[in-house]
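Presented below is the structure to which this report refers.
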Amino acid sequence: MKDTEIEEKLKEKFPGAELAVVDMTGTQNHFEVRMNNNAFAEGLSRIEKHQSIMSVFDEQLKSGEVHALSIKLF
Amino acid sequence: MSSSANEKIEDLLAKNNVVLFMKGTPSFPQCGFSARSVAILNELSAEFGSFNVLEDDEVREGIKAFGNWPTIPQLYVNKKLVGGSDIMMEMYESGELKTMLSSSNEPVVDR
């Protein structure tokens with residue numbers, strides 16, 4: 001999966017979100033997502049925010065197409 | 001998820017205040033993220049139980065549904081999911097993890 005595809009999928013779920021995606025190893029399966037906290041509804045805990053990002057890639061995480069998704073909120 | 005996986009998970013969580021579901025073992029982690037999680041817990045000299053998901057596919061898949069967290073490693077404290085290695089690192093750096101672990105230290109089993 002390409003980092004641009006990851007970005008597109010995230011932008012679909014979080015319209016207007018300030019985010020960046022980095023392919024950590026150049027192997028298109030280890031990604032880091034940096035995202036602004038204001039993309040989330042009020043009151044969501046950190047783990048719920050991470051879960052809502054990862055749920056966008058449930059299939060790819062299951063299949064292993066995406067092996068690792070590191071998340072950094074700012 | 002099969003009941004046996006659920007039972008195994010419940011059993012592990014009941015026996016240890018702190019449980020790390022990981023790939024490999026604390027002495028031989030077999031994935032960078034699992035190794036980093038073990039290093040964090042060792043740095044905090046935490047007492048923790050661990051489970052090598054590579055040895056049990058049922059638990060490997062079951063824990064993902066159990067915690068609604070699609071990747072390994074996963075840290076549980078007092079039966080609650082804390083997170084994967086990212087959240088552990090964040091909490092380690094902020095000191096939150098140390099506080100959480102020290103407050104969870106009442107022994108489950110009387111030693």
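Where is the GNM fluctuation largest for chain A (alpha-carbon springs, 10 angstrom cutoff): A:61, A:19, A:44?
The residue that fluctuates most here is A:44.
Would you work out which of B:29, A:16, B:94 lies farthest towards the positive end of the dipole of the protein assembly as shown, given +1 charges on the beta-carbon of Lys and Arg and -1 on that of Asp and Glu, about the Cα centre?
The one lying farthest along the dipole's positive direction is B:94.
Okay, helix-only estimate at 222 nm for the protein assembly as shown: each DSSP H run of n ≥ 4 adds -39500 (n - 2.57), divide by all residues, round to 500 deg cm²/dmol; what do you get?
-13000 deg cm²/dmol
Can you tell me the 0 to 90 degree angle between the C-alpha axis of helix A:3-13 and the longest principal axis of chain A, rounded to 10?
Helix A:3-13 sits roughly 30 degrees off the main axis of chain A.
Rounded to the nearest 20 Debye, what is the dipole magnitude of segment A:3-73 about its Cα centre when Lys and Arg each give +1 and Asp and Glu each give -1 at the C-beta?
I would put it at about 260 debye.
Once R0 is set to 22 Å, what does the formula 1/(1 + (r/R0)^6) return for the Cβ-Cβ distance between residue A:34 and residue A:63, expressed as a FRET efficiency to the nearest 0.05?
0.35
Report, for chain B, the % of DSSP beta bridges that are antiparallel, rounded to 5.
So the antiparallel bridges in chain B amount to around 65 percent.
Could you list, in their original order, any pairs among B:8/B:64; A:9/B:64; A:13/B:80; B:15/B:79 whose Cα atoms are separated by more than 19 Å?
Those over the limit are A:9/B:64; A:13/B:80.
I'd like the mean, over residues of B:82-91, of how many other protein chain beta carbons sit within 10 Å of each residue's own Cβ.
Numbers: counts 2, 5, 7, 2, 10, 4, 0, 2, 5, 1.
Per-residue shielding by partner chains comes out at 4.
Compute the helix-to-body angle for A:46-55: its Cα long axis versus the longest principal axis of chain A, expressed 0 to 90° and rounded to tens.
Long axis of A:46-55 versus the principal axis of chain A: about 40 degrees.
Taking beta carbons within 10 Å but only from partner chains, what does the mean come to for residues A:47-53?
Other-chain Cβ atoms within 10 Å of each residue's Cβ, averaged: 3.
Label point 7 Å out from residue B:61 along Cα-to-Cβ: which residues of segment B:2-29 have amide N under 20 Å?
So the set is B:2-11, B:21-24.
Modelling each spin label as a point 7 Å along the Cα-to-Cβ direction, I'd like the residue A:42/residue B:6 distance in nm, to one decimal.
3.7
If you put +1 on each Lys and Arg Cβ and -1 on each Asp and Glu Cβ, how big is the dipole of chain B around its Cα centre, in Debye rounded to 20?
80
Every number in this text was worked out from the coordinates using simple rules, so none of it is lab data. Source: prediction; values computed, not measured. Positions of Cβ are generated from backbone atoms using ideal geometry, with glycine treated the same way; all protein chains shown enter the neighbour counts.
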